[in-house]
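The values are calculated or read from the model by the stated rules, or taken from the named source; none is laboratory data. The structure displayed is predicted, hence computed values, not measured ones. Cβ coordinates were reconstructed from backbone atoms using ideal geometry, including for glycine residues, and neighbour counts include every protein chain displayed. Note: areas computed on protein heavy atoms with side chains; ligands, DNA, RNA excluded. Shrake-Rupley method; radii C 1.70, N 1.55, O 1.52, S 1.80 Å.
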Amino acid sequence: MSITVCAILRIRNLYAVVMLGSIFSVMAAAIFVILDAVDVAFTEAAVGAGISTVLALGTIALTTDREKKPSHTKILPLIMVCLTGVALIYGTLDLAHYGDPNAPVQTHVGPDYLRDAPVKTGIPNVVTSILASYRGYDTLGEVVVIFTAGIGVILLLGNWRHIGRRREDKDV
Amino acid sequence: MAAVGLYNYWIVVFLMMAGFYIVIAHDNLVKKIVGLNVFQASVFVMYITFGKIQGGTAPIIAEGITTYSNPLPHVLILTAIVVGVATTALGLALVVRINEAYGTIEEDEIHVQDEES
């Protein structure tokens with residue numbers, strides 16, 4: 001995990017930012033495997049390290065690949081970030097410890113799913129059965145979100161703007 | 001004991017604040033979006049940490065295994081990752097559009113152009 005932190009520190013300097021962001025995603029995926037979340041690791045590696053990087057590289061190709069040197073000092077953001085960080089650290093003191101089997105998270109719905117899901121859905125992978133069966137509507141909503149984002153991207157970047165302008169020219 | 005048990009959360013807080021700092025302190029819009037992604041990923045790590053049980057394995061039911069990690073945070077984060085990439089795509093599309101309109105992706109230059117016009 002500390003390697004990931006190092007990657008983040010380096011991200012601030014160079015303009016290899018996007019590639020470092022991709023490396024960061026792969027490291028996050030490795031951490032998810034260590035924390036037993038194999039499905040999440042797959043998705044993070046494919047989507048976070050793959051698609052996001054391709055999108056960001058496309059944006060760079062269409063715009064510019066150099067970041068201007070900062071013109072003003074950044075004391076205020078730094079102070080703000082430190083204050084927020086201290087407040088959050090204070091908040092973590094009340095959280096359940098890592099891997100604690102008696103934490104509130106582990107004692108309510110989680111065990112029910114683990115007991116019932118394989119019997120009711122017939123799928124041994126509990127994550128899949130919750131995603132597709134119990135929470136199917138959420139997944140449908142997720143598809144709607146992606147669809148909306150796709151429409152947004154097409155509206156922002158599509159060719160129809162030029163077509164509309166040409167039509168106006170003809171009318172005039 | 002507390003330091004070991006809460007180590008993951010502290011890493012998460014550090015990553016989160018690093019992402020936050022990139023978002024508020026940098027003027028380059030692409031860099032801001034990368035910072036936003038770092039912030040998101042730190043929240044994902046926090047949720048997955050909640051689901052981990054000491055000595056547990058991945059929540060795929062198999063014979064001879066009794067302890068599984070909590071599958072519910074995993075499901076939530078699967079959804080969140082995909083929504084996150086949709087947000088990123090839209091943000092980057094906006095950046096491209098801003099570059100078409102202003103010819104720059106630096107926030108302060110955009111402000112200057114806005115004041116001139």
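Here are a few things to note about the model shown:
- Accessible surface ranking that places the most exposed of A:His97, B:His74 first, with a 1.4 angstrom probe: A:His97, B:His74
- Projecting label points 7 angstrom from Cα along Cα→Cβ for B:Gln54 and A:Val109 puts them 2.7 nm apart.
- One decimal place: the segment A:Val54-A:Ala87 gains 8.3 nm when fully extended, by the rule 0.36 nm per residue minus the C-alpha distance.
- Take B:Thr67: with every protein chain present and a 1.4 Å probe, its accessible area is about 50 Å².
- For the residue pairs A:Lys74/B:Lys32; B:Lys32/B:Lys52; A:Lys74/B:Lys31, alpha carbon separations beyond 26 Å are given by B:Lys32/B:Lys52.
- Remark: segment A:50-56, residue by residue, has Karplus-estimated 3J(HN,Hα) of x, 5, 4, 5, 4, 4, 5 Hz, where x stands for each Gly or Pro and the curve is 6.51 cos²θ - 1.76 cosθ + 1.60 at θ = phi - 60°.
- Average beta-carbon neighbours from other chains, 10 Å sphere, peptide B:27-38: 6
- Kyte-Doolittle mean at least 1.0, axial Cα span of 20 Å or more - DSSP H helices of chain B: B:7-25, B:29-51, B:71-102
- Label reach from A:Met80 (point 7 Å along Cα→C-beta): in segment B:98-117, amide nitrogens under 20 Å belong to B:106-112.
- Surrounding net charge for A:Ala37, when Lys and Arg each add one and Asp and Glu each subtract one, Cβ distance under 15 Å: -2
- Evaluating 6.51 cos²θ - 1.76 cosθ + 1.60 at θ = phi - 60° for every residue in segment A:30-36, the Karplus couplings come out as 4, 5, 5, 5, 4, 8, 6 Hz, glycine and proline recorded as x.
- The solvent-accessible area of A:Glu44, taken with every protein chain present and a 1.4 Å probe, is close to 10 Å².
- Take the Cα of A:Ala46, step 7 Å toward its Cβ, do the same at B:His111, and the gap between the two points is 4.2 nm.
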